[in-house]
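These notes are about the structure you will find just below.
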Amino acid sequence: MDELVELTRDLVSIPSHEDETAAGDRIEEWLRAETDADVTRDDAGNVVARRGIDAGESLALVGHHDVVPPADAQMEDGEYAVAERDGRLYGRGTADMKGAVAAAMLAFRDSEVRDPAGDAASELVFASFVGEEVGGEGARAAIDAGFRPDYAVVGEGSTGYSAPGVTDVAVAHKGRRGSTITARGEAAHASEPEAGENAVYRACDAVDVVREREFPTTEVLGEELSGSVAVTGIDGGSAWNVVPATCEVTVDERTVPGERVDLEAVEEIDGVEWTVDQDLPPMRCDDDAFAETVLDAARDAQAAAPELVTKPHATDAGWLSDAGTTCVVCGAAEPGEAHTDEESVSLDVLERCYDIYRATAESA
């Protein structure tokens, strides 16, 4: 589909790692020119378009137009370089996730609006958020302003999970809770360590508590999802001959729906505090009929046999799910493509995603 390739190239060429305004402008401009939808741009920079009637069930096709900073090789004359070879499009944001945004824009335009449950005409929504790569800032702003579709297909990567090249449907993904353990003691000369209270020792005791925690596991629509927790950094001490008064430990926890590791237990150690720095929610699909609707669309769009899968990475689907929207994740990106210096996306898979999004919107 030449139109899909050209729209993807157009979006990818627009820098959006520091300022998403120009990319949002292009998406808004296209939607106003190509559809009869009600198109809005909120104060955060999110672009939202609506078609159909605001009654019954609503379905949203959701993406984001911000990207992580490009590598030097991905820049050309102040814009992002885009290259096509061997059936793939290369460039920052091709996989994560302007290709899926383009597929969703075209599917939004071309779909006959139907209720996701198959009963009556309803509302079809397209949304492209800002700030996904920095913690879902756009999604949170939209939700705070009342964005709550009944269903959403979030176009993050789900290709290559069950088998290489197969576009699956993710019914759950992990969240991320990043936290800091701060241990405080009392400084002393290292020649008389008993005169102080070693903060590093207290921090090490806290690390032992973290190491003893069991990883949570849950099941979503028959698919198992396991979390994890790991100490990823430690920083303490000011000089080789001083007993340290403070020490900080960073912890990365991958959360699963409904479960958290009880890291609060470290505060049972004298002089130790625990603070949460970031908490990106996990996602779980709470409606097996909707998951099967999208899976049926994925089956019809490819010769392979897609499956319901889980995804290790947090996405804006976590924020939407947390706010009450029934979500799945389905998109073109494959494991290992996003954020790389050679980021690329399969053009055949982008067309497949267009077919999946449109069939889901038109399901009856």
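Things to note:
- Rounded to the nearest 10 degrees, the angle from helix 347-361 to the longest Cα principal axis of the chain is 80 degrees.
- Over all other residues within a Cβ to Cβ distance under 14 Å of Glu334, the charged ones net out to -4, with Lys and Arg as +1 and Asp and Glu as -1.
- Summed residue charge, Cβ within 9 Å of Glu343's Cβ, Lys/Arg positive, Asp/Glu negative: -3
- Residue of Pro69, Pro164, Pro335 that the Gaussian network model of the chain assigns the largest fluctuation, springs spanning Cα pairs under 10 Å: Pro164
- Antiparallel DSSP beta bridges within the chain, percent to nearest 5: 75
- Orientation-averaged projected area, Cα convex hull of the stretch 274-364 (nm²): 8.0
- The mean accessible area for residues of the chain, using a 1.4 Å probe and ignoring ligands and nucleic acids, is 43 Å² per residue.
- In the chain, taking the dipole from charged Cβ atoms about the Cα centre, the farthest positive-side position among Val134, Gly271, Met1 is held by Met1.
- Summarising the overall dimensions of the stretch 195-253 from its C-alpha atoms, the Rg and Dmax are 16.6, 58 angstrom.
- For the stretch 5-62, the Cβ-based charge dipole about the Cα centre amounts to some 180 debye (Lys, Arg positive; Asp, Glu negative; other atoms uncharged).
- Residues Tyr80, Tyr201, ordered by accessible area of protein heavy atoms at a 1.4 angstrom probe radius and largest first, appear as Tyr201, Tyr80.
- Summing +1 for each Lys or Arg and -1 for each Asp or Glu among the other residues whose beta-carbon sits under 11 angstrom from that of Gly236 gives 0.
- With Cα atoms defining each centre, the stretch 5-36 and the stretch 214-260 are spaced 38 Å apart in the structure.
- Relative to the dominant Cα principal axis of the chain, helix 288-300 is inclined by about 60°.
- Cα lying deepest toward the dipole's positive end in the stretch 1-127, options Ile27, Val47, Val113, charges on Cβ: Val113
- The residue among Gly178, Val231, Val242 whose Cα reaches farthest toward the positive pole of the charge dipole of the stretch 144-247, with charges on the beta-carbon of Lys, Arg, Asp and Glu, is Gly178.
- Heavy-atom accessible area order for Glu259, Glu123, Glu307, largest first, 1.4 Å probe: Glu307, Glu259, Glu123
- Unit Cα scatterers, Debye sum, the chain: log10 I(q)/I(0) for q = 0.08, 0.11, 0.14 Å⁻¹: -0.45, -0.75, -1.08
- Given +1 at the Cβ of Lys and Arg, -1 at the Cβ of Asp and Glu and no other charges, the dipole of the chain around its Cα centre is 320 debye to the nearest 20.
The values are calculated or read from the model by the stated rules, or taken from the named source; none is laboratory data. Predicted, not measured: the structure shown is a model, and the values here were computed from it. All Cβ positions, even for glycine, are placed from backbone atoms using ideal geometry, and neighbour counts span all protein chains on display. Please note that ligands, DNA and RNA were not included when accessible areas were found on the heavy atoms of the full protein model with its side chains. Shrake-Rupley method; radii C 1.70, N 1.55, O 1.52, S 1.80 Å.
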